[in-house]
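Student: First, the structure itself, so that you have it in front of you.
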Amino acid sequence: MAILTVRNVNKRFGGLKALDDVNLEVQPGTVHAIIGPNGAGKSTLLNCFVGRLEPDTGVVDFDGVSLLGMKPHEINQAGVSRVFQTPEIFGDLTLVENVMLPAFARRDGAFRINGWRPVLSETGIRELAMEMLRDVGLADHAQTVASQLSRGDKRRLELAMCLVQEPKLLLLDEPTAGMARADTNNTIDLLKVIAGRGITMVVIEHDMHVVFSLADRVSVLAQGTVIAEDVPERIKGNQKVQDAYLGGAHL
């Protein structure tokens, strides 16, 4: 049974049809990539998964429950975490403090930025945050202020902030955007470790090196509709995908 099911999803913005009868299924424990040219509807679709947008029509079910009408924090509490294209961290806090905040929110069912200071003295929360930092290779920098990190390490920190919430589904929007190749490869390696733990991932990504290194299955969007879905090797050779995505050039 699919962990994420999308059926006949449509979304218009005025006269523009951003999503046109989109269908896809994401199987548990897999990495499912969504690719396509700029303006294909990828981010719009992702926003429909996390409650930032409501489809005009269609079905979005996660783990057998409809996400439609749920607020973003309710979707997060249900087990869906999102990694944004630009890492969303608290630059003025240390790394361990950054991870403690979502750990507190997961435990207490609410994220209250105005009430974070008492949490930072809680031993259990701090130990859990340190465990997550060790998992992503940042434990030695736990007391570093987050704004001082490189782009790649900010992404690692954001992943730790997601993992501490124990997600069933991790949504990643351009996880290697703006990274040098070394940071990109390190991020790929970390995502492989996360996938190896059985966490399902949906990845939007322009870098085909990332897609073909990680994905078990690939859906291709063009002009708001899914034009192909297959395993990566067959997507590479799909002429329709090559025409839509790269003007006929090989992936």
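The values are calculated or read from the model by the stated rules, or taken from the named source; none is laboratory data. Note that this is a predicted model, so its numbers are computed, not measured. In this analysis, Cβ positions are derived from the backbone assuming ideal geometry, glycine residues included, and neighbour counts consider all displayed protein chains. Ligands, DNA and RNA are stripped out before the accessible areas are found, and what is left, the full protein with its side chains, is counted by its heavy atoms. Shrake-Rupley method; radii C 1.70, N 1.55, O 1.52, S 1.80 Å.
Student: Tell me whether segment 12-25 contains one or more residues that are among the aliphatic types (A, V, I, L, M) and open to solvent by 70 Å² or more (accessible area, probe 1.4 Å).
Tutor: Yes, segment 12-25 contains at least one residue that is among the aliphatic types (A, V, I, L, M) and open to solvent by 70 Å² or more (accessible area, probe 1.4 Å).
Student: Also: Kindly indicate the residue of segment 129-157 that is more than 22 Å from the chain's Cα centre (by Cα) and without any contact (Cβ under 8 Å) to a residue 24 or more places away in the chain and also farthest from GLN85 (Cα to Cα) among those meeting that condition.
Tutor: ASP140
Student: Show the residue pairs that are 6+ apart or on different chains and have beta-carbon atoms under 6 Å apart, the first residue being within segment 158-181 and in contact (Cβ under 8 Å) with a residue 24 or more places away in the chain and over 18 Å from ASN98 (Cβ atoms), the second being assigned to a helix (DSSP H, G or I) and among the basic types (Lys, Arg).
Tutor: Pairs that qualify, where the first residue is in contact (Cβ under 8 Å) with a residue 24 or more places away in the chain and over 18 Å from ASN98 (Cβ atoms) and the partner is assigned to a helix (DSSP H, G or I) and among the basic types (Lys, Arg), are GLY178/ARG151; MET179/ARG151.
Student: Any idea how many residues of segment 5-60 are within 17 Å of the chain's Cα centre (by Cα) and farther than 24 Å from LYS236 by Cβ?
Tutor: 11
Student: If you don't mind, there's one more thing I want to ask. Quick check on my filter: what residues within segment 87-100 are of a type outside the set (Phe, Trp, Tyr), surrounded by 14 or more Cβ atoms within 10 Å (Cβ to Cβ) and not in a strand (DSSP E or B)?
Tutor: PRO87, ILE89, LEU93, LEU95, VAL96, GLU97, ASN98, VAL99, MET100
Student: Right, another one. Collect the residues in segment 58-71 that are open to solvent by 70 Å² or more (accessible area, probe 1.4 Å) and touching a residue at least 24 places away in the same chain (Cβ under 8 Å), keeping them in residue-number order.
Tutor: Across segment 58-71, the qualifying residue is only ASP63.
Student: Also, quick follow-up: GLU229 - would you say it is in contact with a Lys or Arg (Cβ under 9 Å, 6 or more places away or on another chain), open to solvent by 50 Å² or more (accessible area, probe 1.4 Å), more than 30 Å from LYS17 (Cα to Cα) and touching a residue at least 60 places away in the same chain (Cβ under 8 Å)?
Tutor: So GLU229 does not fit the description; no.
Student: For the list (1) farther than 24 Å from LEU170 by Cα; (2) open to solvent by 60 Å² or more (accessible area, probe 1.4 Å); (3) at pLDDT below 95, I need the number of the one condition that GLY115 fails.
Tutor: (2)
Student: Hey, among the residues in segment 217-226 that are among the hydrophobic types (A, V, I, L, M, F, W, C) and open to solvent by 10 Å² or more (accessible area, probe 1.4 Å), which one's farthest from LEU24 (Cα to Cα)?
Tutor: Per the criteria, the residue is ALA222.
Student: If you go through segment 29-41 one residue at a time, do you hit one that is open to solvent by 20 Å² or more (accessible area, probe 1.4 Å) and under 16 Å from GLY79 (Cβ atoms)?
Tutor: Scanning segment 29-41, I find at least one residue that is open to solvent by 20 Å² or more (accessible area, probe 1.4 Å) and under 16 Å from GLY79 (Cβ atoms), so the answer is yes.
Student: Additional query: Restricted to segment 156-207, and to residues that are over 21 Å from ALA146 (Cα atoms) and small (Gly, Ala, Ser), which residue is least open to solvent (accessible area, probe 1.4 Å)?
Tutor: Out of the qualifying residues, it is ALA195.
Student: Next question. Checking the structure you have, find out if any residue of segment 203-221 is within 27 Å of LEU128 (Cα to Cα) and either of a type in the set (Ser, Thr, Tyr) or out of contact with any Lys or Arg (no Cβ under 9 Å at 6 or more places or on another chain) (or both).
Tutor: Yes, some residue in segment 203-221 is within 27 Å of LEU128 (Cα to Cα) and either of a type in the set (Ser, Thr, Tyr) or out of contact with any Lys or Arg (no Cβ under 9 Å at 6 or more places or on another chain) (or both).
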